[in-house]
Amino acid sequence: MAFNRKEHHKEIPEEKVIEINAHMEGSMTFTDPVNLKIYGRYTGKLDTRGTLTIGQTAQVEANIVGENVIIAGKVKGNVIAKKMLVLMPSAVLHGDISTPKLNIVEGAVFQGRCHMLEDVLSIDDLAQYLEIEIPAILELATNGKIPASKDGDSWKFERAQIDQWAATGKVRS
């Protein structure tokens, strides 16, 4: 069975980079992916999409929610990294963490609890991940031809199972 691959090519937007090298307080929420880099002091709440980098000179007191979070400085607060969290050798993190992928480099200091999240994709995420149209994924899931589970009215897909399924050659262009 051939899937309807997305043939149109999206223009890749110019990378949005925001650097903070000052003292800031407040709440920042990003709905579009950005490459946010903090080198100064930040106090408040951070809710980001894209990559958040806490530089080596940064001092952050905040609860953080993000996709990819890289910490090289000092952070006091809880961190939820939806895709991956990296603690660099100079990182000092006091707070609880939740993430599906964690990399703690030798030298990093982490004091808190760690909860490893399942790397679960929604149907929209899976369509983008596999570059397959949503109706084709729904058909595969409904017919039990792709690893999936039903959560209420929505489908959930574990990335590890999807990767294994795709490696068997069941996804064709």
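The values are calculated or read from the model by the stated rules, or taken from the named source; none is laboratory data. It should be emphasised that the depicted structure is a prediction, and the values quoted were computed from it without experimental measurement. Positions of Cβ are generated from backbone atoms using ideal geometry, with glycine treated the same way; all protein chains shown enter the neighbour counts.
General remarks:
So that you can scan it fast, the table gives a plain yes or no per residue for (1) touching a residue at least 60 places away in the same chain (Cβ under 8 Å); (2) over 26 Å from ILE70 (Cα atoms); (3) outside the structural domain of ASN68 (by TED's automatic domain parsing):
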{"position": "SER98", "(1), (2), (3)": "no, no, no"}
{"position": "ILE104", "(1), (2), (3)": "no, no, no"}
{"position": "VAL109", "(1), (2), (3)": "no, no, no"}
{"position": "ASP125", "(1), (2), (3)": "no, no, yes"}
{"position": "GLU131", "(1), (2), (3)": "yes, yes, yes"}
{"position": "LYS145", "(1), (2), (3)": "no, yes, yes"}
{"position": "ASP153", "(1), (2), (3)": "no, yes, yes"}
{"position": "ASP163", "(1), (2), (3)": "no, no, yes"}
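- Looking only at region 22-48, residues that are within 13 Å of VAL60 (Cα to Cα) and either under 15 Å from the mean Cα position of the chain (by Cα) or at pLDDT below 90 (or both) come to 2 in all.
- Looking only at region 131-165, and only at residues there that are modelled with pLDDT of 85 or more, surrounded by 17 or more Cβ atoms within 10 Å (Cβ to Cβ) and assigned to a helix (DSSP H, G or I), the one that is nearest to the chain's Cα centre (by Cα): ILE162
- Residues that are touching an Asp or Glu at 6+ places or on another chain (Cβ under 9 Å), surrounded by fewer than 16 Cβ atoms within 10 Å (Cβ to Cβ) and part of a loop (DSSP other than H, G, I, E, B) within region 91-130 comprise LYS101, GLY112, ARG113, GLU118, listed in sequence order.
- So THR51, is it under 21 Å from GLU19 (Cβ atoms), modelled with pLDDT of 95 or more and either outside any loop (DSSP other than H, G, I, E, B) or of a type in the set (Lys, Arg) (or both): yes
- Residue within region 69-86 that is among the basic types (Lys, Arg), modelled with pLDDT of 95 or more and more than 16 Å from the chain's Cα centre (by Cα) present: yes
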